[in-house]
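Every number here is computed from the coordinates shown, using simple stated rules; none is lab data. Note that this is a predicted model, so its numbers are computed, not measured. Cβ sites come from the backbone with ideal geometry, for glycine too, and all protein chains shown count toward neighbours.
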Amino acid sequence: MATKILTEHIAVPGIETFDVYRKQGGYEAVEKAIKTMTPEALVEEVKKSGVRGRGGAGFPMGMKWSFLAKPEGVPRYLVCNADESEPGTFKDHYLMKNLPHLLIEGMIVSSFALGANKSFIYVRGELMYVIHILEKAIAEAKAAGFLGKNILGSGYDLELIVQPGGGAYICGEETALLESLEGKRGNPRNKPPFPAVKGLYQSPTVVNNVESIATTPWIVNNGGDAYAAIGIGRSTGTKLISASGHINRPGVYEIDLGLPVEDFIYADEWCGGIRPGHKLKAVVAGGSSVPILPANLIMNLTNGDKRLMSYESLSEGGFQTGTMLGSGGFIVFDETACIVRNTWNFARFYHHESCGQCSPCREGTGWMEKVLHRIEYGHGHQQDLDLLIDVAKKIEGNTICPLGDAAAWPVASAIRHFRNEFEWHITNPHEATQPGAVYKGDMALV
Amino acid sequence: MTTETNNTIQFTPERLEKATAIIAQYPAGKQKSALLPLLHLLQEQEGWTPAEGMDYVAELLDIEPIEVYEVATFYTMYHVNPVGKHVIEYCRTGPCCLMGGEEVYAHLRQRLGIEAGQTTVDGQFTIKEVECLAACGMGPVFQVREKYYMNLTNERVDEIIDELSK
Ligand SMILES: Cc1cc2nc3c(=O)[nH]c(=O)nc-3n(C[C@H](O)[C@H](O)[C@H](O)COP(=O)(O)O)c2cc1C
Ligand code: FES
């Protein structure tokens, strides 16, 4: 059931070094791609694989690549998004730290496919120690002739640059990332023009997530069809899931897309169940931005079928009863967790991280934080829940970038599914603000 | 690029060499891309990003000082005010809170006798609250310079403070 496309060799001692990685078959995809394939054929394989962007939006990677403009005499850029700042997500950190050469191999193959001669890995600045790991790995790959001028005698040149961020969630948004890479504040750009036409330095640019790029060596070695044979429906391949919260085995797991959510939570191979003596209350399945679901809805669809870990199954039911796979940040809450407090915490996060360009987001996130704060601290009013939903609606869809949506969804979904808990805070402020108090009313725990 | 400058703050020779190599990575005319990396170098050297240092970075990159200030104040990693010897950057985001992050944080503040944004009177420690550090499965988490301290408990916090105080 569990195919290991990315993490097969992760436990091999010394895998972070070039020599060990090479002995495990590393860099064979570069040899195959550069010596035997054309860039067009590579794009075609990635298209066939059906692999979708792993940064959160799930846009088909091959299609994105095929949109890249190719005007004569203008450089093209590949930028890897390693900003990983979505709360609940820590898979790129894990992958880069343990398998730096996998990302570098993927960057070489992908850059060759796109005709880029200078490519960037933009890593959140807090991960400076990972930046040092990547720089060391790049130096090793260069010394072995896989980077630099005339790679493997093919005439193809590639330079890889690791760029640190400065601490700003918004720089995970691709156009804010490009601004940041140009040495500016991370203010997202209006689209169009899309990065594929005018990206870094106003040149055609592809931005892909670390995990997306890391799939390419396997796709080159095994073919797009083999990749597409794994997974389910339009959710092809495997996905790294960052599992956190009240589970027995937090960590990063590579799963075949299509695994039942229930198995992922309870099987010993993955989360290993809820911590002893406790029950499942809710899950945020795809990073803090996606709608929170109560236990019964994350496990099962409304028709009674099991919900699966796939793009389609997680979003089944729309926002009424579904959510999204997002970045795969899987946050598990047991009955001791206070949904109001967590929603306030997330709202505070988005307010703090809003870049401030668009007033609906700048002001709206501030209002949501304030109103949630007063509910949590026992000063809520009956009208506050409608007010929150109203503010969330006014942010959604009215901003340059989707940070506004990402701020609105967690609030709207928490009220949708846990309204009684919010009302309990408002009507029983004294009880609700006692240390360690949590709502114990009607809830379907699993 | 000029290396002669009247600034009171300048990079050490090794850092200047590093800075020069960083600037050379970008296409001609795009040296401003080196701004974030150079601000990190400045902070590594000075412990924070004083105005004289930012002016120096502006000179190195041949840009206006305001272009440096507006960037340094946008990104949360740059300390634009003086800080203690060790800055404890404590993750306050949801997943860490689920793992007892708020209780451990209360202990940390009590142990040091300061709140977020403050520095101990001996100048040893500053506490700064930060958002998710991409280590949520190992929460609670804080960071001091490049090092991540994970799976924190009150006892572990005491040990770390003792170690850093030496
Ligand atoms: C507020 C915000 C934050 C984002 N953060 C990240 C991130 O940390 N990492 C990432 O890969 N994509 C992030 N994205 C998505 C990127 O904009 C972009 O879609 C992605 O990097 C494309 O790569 P992919 O197609 O391989 O997923 C974010 C988007 C938004 C709106
Ligand atoms: S929430 Fe603390 S590291 Fe992610």
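Remark: region B:48-53, residue by residue, has Karplus-estimated 3J(HN,Hα) of 7, 10, x, 4, 4, x Hz, where x stands for each Gly or Pro and the curve is 6.51 cos²θ - 1.76 cosθ + 1.60 at θ = phi - 60°. Compute a Gaussian network model of chain A, connecting alpha carbons closer than 10 Å, and tell me which residue from A:Gly380, A:Gly286, A:Gly172 fluctuates the most. Most flexible of the set in this elastic network: A:Gly380.
Express in nm, to one decimal, how much length is gained between A:Gln202 and A:Gln24 on full extension, taking 0.36 nm for each residue of separation and deducting their alpha carbon distance.
Extending this stretch completely gives an extra 60.2 nm.
The alpha-carbon of A:Lys97 sits under 21 angstrom from the alpha-carbons of these lysines, leaving out residues fewer than 8 places away in its chain: A:Lys4, A:Lys23, A:Lys136, A:Lys142, A:Lys239, B:Lys147. Between helix A:384-395 and chain A there is an angle of about 30 degrees, using the helix long axis and the longest principal axis of the Cα atoms. Database remark: amide H of A:Leu280 closer than 5 angstrom to the amide H of A:Val446 (H placed geometrically; neighbours at sequence offset of 5 or more, or on other chains; Pro and chain starts carry no H). Which angle between 0 and 90 degrees, to the nearest 10, do you get for helix B:154-165 versus the longest principal axis of chain B when only C-alpha atoms count? The angle comes out at about 40 degrees. Annotation: amide H-H contacts under 5 Å for A:Ile161 (H modelled 1.01 Å from N, sequence separation of 5 or more, or interchain): A:Ser119, A:Phe120, A:Ile121. Given R0 = 25 Å, the distance between the Cβ atoms of B:Ser165 and A:His132 translates into a calculated FRET efficiency of 0.45. The mean count of C-beta atoms from other chains within 10 Å of the C-beta of residues in A:160-168, rounded to a whole number, is 6. Which values of log₁₀ I(q)/I(0), to two decimal places, follow from the Debye formula for region A:338-405 at q = 0.17, 0.25 Å⁻¹ with a uniform point scatterer at every Cα? Log10 of I(q)/I(0), two decimals: -0.54, -1.07.
Given R0 = 45 Å, the distance between the Cβ atoms of B:Asn81 and A:Asn420 translates into a calculated FRET efficiency of 0.50. Calculate, for A:Ser359 and A:His278, the FRET efficiency according to 1/(1 + (r/R0)^6) with r their C-beta to C-beta distance and R0 56 Å; round to the nearest 0.05. Step by step, r from the Cβ atoms, then E = 0.85. Taking every alpha-carbon pair under 8 Å whose residues sit at least 6 apart, chain A reaches a relative contact order of 16 percent. Computed from Cα positions, the angle between helix A:403-427 and the longest principal axis of chain A comes to roughly 20 degrees.
When its C-alpha radius of gyration is set against 2.2 N^0.38 Å (N residues), region A:1-58 gives a value of 1.39.
Using bins of 20 Å that start at zero, the share of Cα-Cα pairs per bin across the protein assembly as shown amounts to 20, 55, 25, 1, in whole %. Amide H to amide H, with H built 1.01 Å from N, A:Gly245 comes under 5 Å of A:Val332, counting only residues 5 or more places away or on other chains. Peptide B:26-38 has a mean of 5 when you count, residue by residue, the C-beta atoms of other protein chains within 10 Å of its C-beta. The mean number of Cβ atoms from other chains found within 10 Å of a Cβ in peptide B:94-104 is 6, as a whole number.
Since only A:Ala392, B:Gly101, B:Phe142 are under comparison, the one whose Cα sits farthest along the positive direction of the charge dipole of the protein assembly as shown, derived from C-beta charges on Lys, Arg, Asp and Glu, is A:Ala392. Residue by residue, region A:252-264 carries 3J(HN,Hα) couplings of 9, 10, 8, 10, 6, 4, x, 4, x, 4, 4, 4, 4 Hz when phi is fed to the Karplus relation 6.51 cos²θ - 1.76 cosθ + 1.60 (θ = phi - 60°); x denotes Gly or Pro.
When chain B is treated as a Gaussian network with alpha carbon springs shorter than 10 Å, the biggest mean-square fluctuation among B:Thr119, B:Thr73, B:Thr93 belongs to B:Thr73. Its relative contact order, with pairs defined as Cα atoms under 8 Å and 6+ residues apart, puts chain B at 18 percent. Relative contact order of region A:125-267: 10 percent, from C-alpha pairs under 8 Å at least 6 residues apart in sequence.
Whole-Hz ³J(HN,Hα) for each residue in region B:95-108, computed from phi via Karplus 6.51 cos²θ - 1.76 cosθ + 1.60 with θ = phi - 60°, x for glycine and proline: what do you get? Going residue by residue, I get x, 5, 4, 4, 8, x, x, 6, 5, 5, 5, 4, 5, 4 Hz, with x marking Gly and Pro.
Sorting the segments A:101-111, A:31-41 by their residues' average number of neighbouring beta-carbon atoms within 10 angstrom, most packed first, yields A:101-111, A:31-41. With a cut-off of 18 Å on the backbone N, the residues of region A:1-30 near the modelled label site 7 Å out from A:Ile232 along Cα-Cβ are A:1-4.
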